1. Inspect the range 116-134 for any residue being free of Cβ contacts under 8 Å to residues at least 24 places away in the same chain and exposed (fewer than 13 other Cβ atoms within 10 Å of the Cβ) and give the result as yes or no.
2. If I go through the range 126-152 residue by residue, how many of them are assigned to a helix (DSSP H, G or I) and aliphatic (A, V, I, L, M)?
3. Which of the residues spanning the range 68-106 are part of a strand (DSSP E or B) and of a type in the set (A, V, I, L, M, F, W, C)?
4. Filter the range 114-139 down to the residues that are more than 14 Å from P62 (Cα to Cα) and of a type in the set (S, T, N, Q) and list them by number.
5. Please verify whether the range 105-114 includes one or more residues that are within 25 Å of the chain's Cα centre (by Cα) and surrounded by fewer than 17 Cβ atoms within 10 Å (Cβ to Cβ).
6. Could you pull out the residue among L47, L55, L36 that is assigned to a loop (DSSP other than H, G, I, E, B), surrounded by fewer than 16 Cβ atoms within 10 Å (Cβ to Cβ), modelled with pLDDT under 95 and among the aliphatic types (A, V, I, L, M)?
7. Condition check: touching a Leu at 6+ places or on another chain (Cβ under 8 Å) and part of a loop (DSSP other than H, G, I, E, B). Does L123 satisfy that?
Amino acid sequence: MAFPPSNAMASPSSESDALPTVSPVLDGRGSPDLPLTMSASTVLMALPHDATAALAAAGGFPQEKVKVRFRPVGAAPPLPVEVVTVNSGWRFDAAVSYVRKKLRVQDTESVFLYVNNTFAPALDEVIGNLWMCFKDSNNQLNISYSMTPAFG
């Protein structure tokens, strides 16, 4: 790290010398091309290019459709098709409805679904988010289902 010359430490001769130069953001020029964090400055007039690109891609999924593998647990009957391709924007309640429909479960009967034999997500959780976080090495989201409570 280089230190300023000793004469730069002297007190300024006039007030105009003490004023900092105008920031490139404030003088009307565009956003710098250097990557900046959102917290780099509180006087940013526009988002840096990398932040703008990141925000534009936020909320989207890398794939429009994802593969889901349904596996029975305990005495639950197997589904006719074990692996299905679903829209990544579907909510988890669509998976519950799909299993109930395929198993022809009565309204009074329960079906319990778990991701990776570990937890039961909220019904409003998005399948694409679950897939991005919990997919296996085959790029499939593993959902286990049971007719009785399991895993907890």
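1. Checked against the condition, which is being free of Cβ contacts under 8 Å to residues at least 24 places away in the same chain and exposed (fewer than 13 other Cβ atoms within 10 Å of the Cβ), the range 116-134 yields at least one hit.
2. Narrowing the range 126-152 to residues assigned to a helix (DSSP H, G or I): 127-134.
Add one more test, that the residue is aliphatic (A, V, I, L, M), and what stays is 127, 130, 132.
Within the range 126-152, residues that are assigned to a helix (DSSP H, G or I) and aliphatic (A, V, I, L, M) number 3.
3. Once the filter is applied, which keeps residues that are part of a strand (DSSP E or B) and of a type in the set (A, V, I, L, M, F, W, C), the range 68-106 yields V68, F70, V83, V84, V86.
4. Residues satisfying the conditions are N116, N117, T118, S137, N138.
5. So far as the range 105-114 goes, no, none of its residues is within 25 Å of the chain's Cα centre (by Cα) and surrounded by fewer than 17 Cβ atoms within 10 Å (Cβ to Cβ).
6. On the way: L55 fails: assigned to a loop (DSSP other than H, G, I, E, B); L36 fails: surrounded by fewer than 16 Cβ atoms within 10 Å (Cβ to Cβ).
Checking each option against the conditions leaves just L47.
7. When the stated conditions are applied, L123 does not pass them.
The values are calculated or read from the model by the stated rules, or taken from the named source; none is laboratory data. These numbers were taken from a predicted model, which means no experiment stands behind them. Positions of Cβ are generated from backbone atoms using ideal geometry, with glycine treated the same way; all protein chains shown enter the neighbour counts.
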